[in-house]
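A short write-up of the structure that comes next.
The values are calculated or read from the model by the stated rules, or taken from the named source; none is laboratory data. On a predicted model such as this, the values are computed, not experimentally measured, just so you know. Note that we place each Cβ from the backbone using ideal geometry, even for glycine, and neighbour counts take in every protein chain shown.
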Amino acid sequence: MAKQTVTLRLDEDDLTFLAQVEISGAANLSEKIRTLIAEARAQREGMHDPAAAHDFARRLYARVDRQVHTAEMALNVRSELVHRVLAWLPDITAFALSACHDEAEGKATQACLERLEEGLAERSLSMSESIAQLGRSGFRGCYQPQKLAKRAGLG
């Protein structure tokens, strides 16, 4: 596809943000804008595809995951609870975004709503069981095991 030249006016704050934001594979402003457009297109078109929705959700939480990992490495600590929740968030987010992907014109049907409820319940209950497992171990491997145990009514 032939590329067209486009003039774009940005205020100083937006230009500074765009210049400073790190976008994988984009070295200059033009590449960054093209990448942002491609991501927006994939996000819009991909919400009907569970795999694309999962990729989007993983990117959504990637910064937080990276910050947690970096801080934990620097402080030589780790929270199993934090890692379980951060691993679970993209899955449940992707499911919620794409659960009714086959519904025409955005109209949810009873079957769609039932699928959504069942899938959200399954994922939420799995996470609850995972946290209960941590609770039974006294929240070992967490930053504040006593505080978590007290909140869970175990201590």
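Residues considered: Lys32, Lys3. Of these, the only one that is farther than 30 Å from Val82 by Cβ and either polar (S, T, N, Q) or modelled with pLDDT of 85 or more (or both) is Lys32. Applying the condition of being under 19 Å from the mean Cα position of the chain (by Cα) and polar (S, T, N, Q) to the range 18-58 and asking which residue is nearest to Leu8 (Cα to Cα) yields Thr35.
Kindly establish whether Ser79 is hydroxyl-bearing (Ser, Thr, Tyr) and either closer than 23 Å to Pro50 by Cβ or in contact with a Phe, Trp or Tyr (Cβ under 6 Å, 6 or more places away or on another chain) (or both). Answer is yes for this residue.
All but one of (1) closer than 21 Å to Ser124 by Cα; (2) in the same structural domain as Gln144 (by TED's automatic domain parsing) hold for Asn76, so report the exception by its number. The one condition Asn76 does not meet is (1).
Taking the range 24-46 only, how many residues are more than 29 Å from Ala99 (Cβ to Cβ) and surrounded by 10 or more Cβ atoms within 10 Å (Cβ to Cβ)?
Quick first cut of the range 24-46, residues more than 29 Å from Ala99 (Cβ to Cβ) only: 25-34.
Pick out the ones that are also surrounded by 10 or more Cβ atoms within 10 Å (Cβ to Cβ) and you get 26, 29-34.
Residues meeting the conditions: 7.
Look at the range 11-24: where a residue is outside the structural domain of Ala38 (by TED's automatic domain parsing), no partner that is of a type in the set (Gly, Ala, Ser) and exposed (fewer than 11 other Cβ atoms within 10 Å of the Cβ) sits 6+ places away or on another chain with Cβ atoms under 8 Å.
When the range 69-81 is filtered for residues that are surrounded by fewer than 16 Cβ atoms within 10 Å (Cβ to Cβ) and either in contact with a strand residue (DSSP E or B) (Cβ under 8 Å, 6 or more places away or on another chain) or not polar (S, T, N, Q) (or both), the ones remaining, listed by number, are His69, Ala71, Glu72, Met73, Ala74, Leu75, Val77, Arg78.
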